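Heads up, the thing below is written out as structure tokens.
The values are calculated or read from the model by the stated rules, or taken from the named source; none is laboratory data. Here the structure is a predicted model, which is why all the values come from computation and not from measurement. Backbone-built Cβ (ideal geometry, glycine too); neighbour counts: all protein chains shown.
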């Protein structure tokens with residue numbers, strides 16, 4: 001289901017009973033965080049919030065703020081136009097396993113899937129609602145490739161001088177007491193590889209330094225950081241664009257664990273079942289969704305020294321301390337006239353990002369199974385703040401299979417950051433942490449069933465001795481086989497007889 005604007009998504013949530021409007025003034029400094037944190041920690045992720053009258057430095061802000069809009073399993077499903085994320089994952093699994101059809105029904109399914117992919121490819125358009133109000137700080141930049149010519153902007157038609165000409169006027173949150181300033185927390189950051197032209201859309205927090213400069217916190221293992229290194233090697237100015245709002249699939253796609261080189265707008269188009277319309281930025285050679293709510297254009301100058309960014313209350317539940325990062329210079333801000341500012345917060349789990357991450361794992365489970373067909377399910381418990389702790393269930397058929405899975409997953413994308421990886425048998429529900437811990441304690445001999453290794457670490461991990469590098473622990477909590485050095489009988493798990501359970505179910509039903 002495609003949403004024409006972020007406002008359309010917010011209205012959809014309200015009709016579904018998933019939104020609470022807050023009409024009282026609420027400060028963007030800490031107060032919105034406190035409201036949102038209480039909802040995010042409510043059962044099931046609480047409700048989305050629309051702050052109608054946010055204040056910025058005590059003054060009324062020009063735009064409402066929406067937060068926690070993807071912070072539940074139901075809202076994630078609604079954002080994809082489905083009853084559940086599992087439904088969408090099944091569709092993706094069908095595409096990945098597509099074979100020549102053997103019946104008319106199969107042919108019809110394959111044709112429908114092909115049509116979805118045809119409509120997934122992004123397309124260029126001349127202009128869009130994201131340019132209803134335009135405020136430039138620098139002249140337009142030359143294009144590296146031909147674009148459809150956009151009509152000249154009429155200041156009167158576009159609303160004249162924007163009501164929020166600088167970053168200081170946007171309702172950007174200061175989330176936690178020790179934060180180094182205000183942070184854009186739900187930005188989709190668009191960069192391009194200077195060699196191949198490949199686009200990347202990532203989500204990296206953005207600290208506001210002043211009215212026209214920010215920090216750009218892309219960690220060293222991220223694709224945008226790799227793009228940036230090429231610009232630093234050549235000394236050329238790096239074009240960057242940040243957009244916020246539009247379809248809720250945009251921020252989801254920006255955080256999805258896609259293989260390097262696969263366009264996030266292609267994934268967004270597939271999930272929303274409509275191609276993403278892209279428009280050229282005003283002052284840099286980057287394209288952004290035409291239906292975005294805000295676009296912040298600019299550049300990073302490789303000749304400029306890095307600048308400390310942070311502290312920031314992070315998804316680890318701790319503050320990330322200041323570290324040097326590139327400085328982003330704003331050259332233009334464009335937005336819708338009726339824009340809603342999208343935000344999120346991170347901190348001690350569970351938070352909104354837990355539901356986004358869980359949806360990613362569920363959606364891409366068919367991709368994992370293509371590489372490892374023995375995998376049954378994967379879970380990232382909230383307490384592990386994404387990749388710190390991963391539970392995997394497998395259909396075990398040969399010795400040392402659990403270790404194959406450990407090494408394989410550590411080599412896949414952001415799974416390289418996993419500190420603790422526990423492998424269990426296929427009869428274990430990995431989404432029930434108590435059940436996993438029961439098998440972990442019961443099925444393991446610590447020395448025999450553990451493996452330590454080294455590898456890349458999340459730069460946000462404050463516990464590693466070195467930034468970006470650390471150790472990992474894998475635990476094989478599966479039943480042991482003779483080929484694994486186990487020569488005793490493995491005892492059966494205590495379970496009641498099914499016939500007895502059925503009789504007792506019937507007895508209790510009669511008494512109800």
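Within the range 410-458, the set of residues being buried (at least 19 other Cβ atoms within 10 Å of the Cβ) and in a loop (DSSP other than H, G, I, E, B) comprises 418, 419, 428, 430, 449, 457, 458. Going by the conditions given, is residue 453 free of Cβ contacts under 8 Å to residues at least 12 places away in the same chain and touching a strand residue (DSSP E or B) at 6+ places or on another chain (Cβ under 8 Å)? When the stated conditions are applied, residue 453 does not pass them.
Assess whether residue 120 counts as being outside any helix (DSSP H, G or I), modelled with pLDDT of 70 or more and either assigned by TED's automatic domain parsing to the domain that holds residue 335 or surrounded by 11 or more Cβ atoms within 10 Å (Cβ to Cβ) (or both). Give the steps one after another, and end with the answer.
Numbers: outside any helix (DSSP H, G or I): yes; modelled with pLDDT of 70 or more: yes; either assigned by TED's automatic domain parsing to the domain that holds residue 335 or surrounded by 11 or more Cβ atoms within 10 Å (Cβ to Cβ) (or both): yes.
Answer is yes for this residue.
Tallying residues that are exposed (fewer than 15 other Cβ atoms within 10 Å of the Cβ) and modelled with pLDDT under 50 within the range 151-183 yields 9. Note on the range 219-232: among residues that are part of a loop (DSSP other than H, G, I, E, B) and touching a strand residue (DSSP E or B) at 6+ places or on another chain (Cβ under 7 Å), the one that is farthest from residue 259 (Cα to Cα) is 221. Going by the conditions given, is residue 237 touching a strand residue (DSSP E or B) at 6+ places or on another chain (Cβ under 9 Å), surrounded by fewer than 22 Cβ atoms within 10 Å (Cβ to Cβ) and assigned by TED's automatic domain parsing to the domain that holds residue 193? Criteria met by residue 237.
Within the range 217-234, restricting attention to residues that are under 22 Å from residue 280 (Cα atoms) and over 17 Å from the mean Cα position of the chain (by Cα), the residue that is surrounded by the most Cβ atoms within 10 Å (Cβ to Cβ) is 227.
State yes or no: is residue 93 in a loop (DSSP other than H, G, I, E, B), over 18 Å from the mean Cα position of the chain (by Cα) and modelled with pLDDT under 95?
No, not satisfied.
When residue 19 is evaluated against the numbered criteria (1) closer than 19 Å to residue 355 by Cα; (2) modelled with pLDDT under 95, which criterion, by number, is the only one it fails? Condition (2) is where residue 19 drops out.
Per the listing 210, 195, 260, the residue uniquely surrounded by fewer than 24 Cβ atoms within 10 Å (Cβ to Cβ), modelled with pLDDT of 90 or more and not in a strand (DSSP E or B) is 210. Within the range 380-409, the set of residues being under 24 Å from residue 264 (Cβ atoms) and not in a loop (DSSP other than H, G, I, E, B) comprises 390, 409.
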